[in-house]
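First up is the structure itself, then whatever we jot down about it.
No lab work stands behind these numbers, since they all come straight from the coordinates. Because the structure is predicted, anything quoted here is derived from the model rather than measured. Don't worry about glycine lacking a Cβ; one is built from the backbone with ideal geometry, like all the others, and counts go over all protein chains shown.
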Amino acid sequence: MAYFHYKLIGKDGVARGGLVHLPFDSPLSAIAFLEQKGAAVIFAQPLHPMVGAVYGVLERFFETRVETTEMAEALNNVAIMLKSGISVVAAIQDAMADSENPTMSKLGHDLVGRIQSGSSLSESARNWSRFFPDTALFLMRIGEETGTLDRTIKDASRHMIKVDRIFRETKSALTYPAIMMGAILLAMAFWLYFVVPMMLPLITGTGHELPGLTKAIIATADFLTNHVQLILVTMVVLVVLFIQLLKRVKRFRRLVHAFLLFMPIISKVVHASNLAFITEYFSLLLKAGVDVIKSIDILERSLSNDIYKEKMLEVRTGLINGLGLRRSFADAGIFPAFVVRMIGIGEVSGALSEQLEFAAEEYGRRLDDTVKALTKSIEPIALAIGGGLFIVMLVGMFMPLYSIVGGK
């Protein structure tokens, strides 16, 4: 795999050049690939690996975003064309390589080149794992092994859409309170930084003793005015530090995830989203023919919440030790009785994937209802907090003026 600097003359007679990332290192292979569409290649030279690596980082930084729904739609189109008898290469060429999104088009051309060079679709797609979740890659491989690639790709497309909805609703529910509180804090900062200093000469020029609340507000305004740069830098550093700790320090990440699971209201969103994801993913893997223990292993690696990852590992350990599926989920202690019961019924009846699919739909509805309820409950709370702070600010600043008017 290397970046090639090339120059060619197209079928229209126009000379073109540029850089292209190809799944081979040989210039002869690069020339053969570029000439597939009838172009006459003048030269194709590989870049130095270090230069190629730097270019790759810059290219990825400035690349156009590919939304999950856009990728899911492309996969669905590929599945439809495969079912109608069109080859994998032609399907990818039409659904991805000819896309108006330059990143999707680049991805499609890369997949076509790799497949034509002898790689399978799942192997080729693994090089673009930032766009293809583990579910899609695993289902592609199963489809290739069983000859049902059209069905497994369609299943992957549906799964990506469902999981994207779960993530979007969860993200919306978790960020909405932060946005509301941020707006309140910004409003208070505006008053303290701009309004209070303007009123300060009028209040302090009377010579009267100021109430304690007024002194506190003035002191806060002075601190904000004199240290605004320090405060902003500190806030940015704390946010960056929090994000890095969340990404790199497992103990810190686990602590945050555990905290979210015990927060009022927020915990309902986190539980509902994880349960919807687990039951949806588990059902899909079982339908694809993956055995139970392997499915649990894939689930454990796919979850983003560390607490649920640990619990899925406990379930897998229980299964390996000979416990039944229902008993393993019950002993984990985090799964509600409804999920355990549905798993138990499915285990006994042999319809586990159907029971899990039913549970996934139920928790999808619960997540949607919880997000709506959270949105409605946050608004009056935010208004109460913001209104209360605003009233305190007004009372503190106008109390000395009332005292002067009253002759006190």
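Over all orientations, segment 146-279 has a Cα convex hull whose mean projected area works out to 13.1 square nanometres. Only one item in [x] 263; [y] 214; [z] 164 matches volume of the Cα convex hull per residue in Å³ derived from the coordinates shown, and that item is [y]. Annotation for Leu246 and Lys294: the two label points, set 7 Å from Cα along the Cα-Cβ direction, are 3.5 nm apart.
All other residues whose Cβ lies under 12 angstrom from that of Leu241 are scored, Lys and Arg at +1 and Asp and Glu at -1, for a net of +2. From most to least packed by mean Cβ count within 10 Å, the peptides 324-337, 378-391 give 324-337, 378-391. Among Thr370, Thr234, Thr220, a tally of other beta-carbon atoms within 10 Å of each Cβ gives an order, fewest to most, of Thr234, Thr220, Thr370. The convex hull of the Cα atoms of segment 217-297, projected and averaged over all directions, covers 8.7 nm². What the Cβ-Cβ distance of Ala90 and Asp368 gives, at R0 = 51 Å and to the nearest 0.05, is a FRET efficiency of 0.85. Helix 68-83 and the longest principal axis of the C-alpha atoms of the chain enclose an angle of approximately 20°. Label 7 Å along Cα→Cβ of Ala183; segment 356-399 residues with amide nitrogen under 15 Å? Only 375-388 fall inside the zone, counting backbone N under 15 Å. Each peptide in 225-231, 187-193, 363-369 gets a packing score, the mean of other Cβ atoms within 10 Å over its residues, and the list from highest to lowest is 363-369, 187-193, 225-231.
Distance between the pseudo-spin-label points of Glu35 and Thr146 (7 Å out from Cα toward the beta carbon): 4.3 nm. Between Val395 and Glu123, the contour length at 0.36 nm per residue exceeds the Cα-Cα span by 91.2 nm. Shown is the FRET efficiency for Thr234 and Phe262, computed with R0 = 25 Å from the Cβ-Cβ distance and rounded to the nearest 0.05: 0.35. Specify the inter-centroid distance of segment 177-239 and segment 144-171, based on alpha-carbon positions, in whole Å. Spelled out, the Cα-based centre of one part sits 50 Å from the other.
State whether segment 312-375 is rounded, prolate or oblate according to the following rule on the C-alpha gyration tensor (a ≥ b ≥ c being the square roots of its eigenvalues): a/c under 1.5 gives rounded; otherwise a/b larger than b/c gives prolate, and the remaining case gives oblate. It comes out oblate by the Cα gyration axes.
Placing a pseudo-label 7 Å from each Cα along the Cα-to-Cβ vector at Phe338 and Ala351 gives an inter-label distance of 1.9 nm.
With coordinates expressed along the principal axes, the C-alpha atoms belonging to segment 68-162 extend over 30, 30, 25 Å, beginning with the largest.
Here the gap between Thr317 and Thr375, fully extended at 0.36 nm per residue and compared with their Cα-Cα distance, gives a gain of 17.0 nm. Computed from Cα atoms, the angle from the helix 102-116 axis to the main principal axis of the chain rounds to 30 degrees. Computed extension gain for Tyr176 through Leu255, at 0.36 nm per residue and net of the alpha carbon distance, reaches 26.3 nm. How charged is the neighbourhood of Lys287? Take every other residue with its Cβ under 12 Å from the Cβ of Lys287, and add Lys/Arg as +1 and Asp/Glu as -1. Counting the neighbours of Lys287, the net charge comes to -1. Each Cα pair under 8 Å and six or more residues apart adds its separation to the average, and for the chain the resulting relative contact order is 13 percent. Rounded to the nearest 20, the Cβ-based charge dipole of segment 164-408 about its Cα centre (Lys and Arg +1, Asp and Glu -1) stands at 400 debye.
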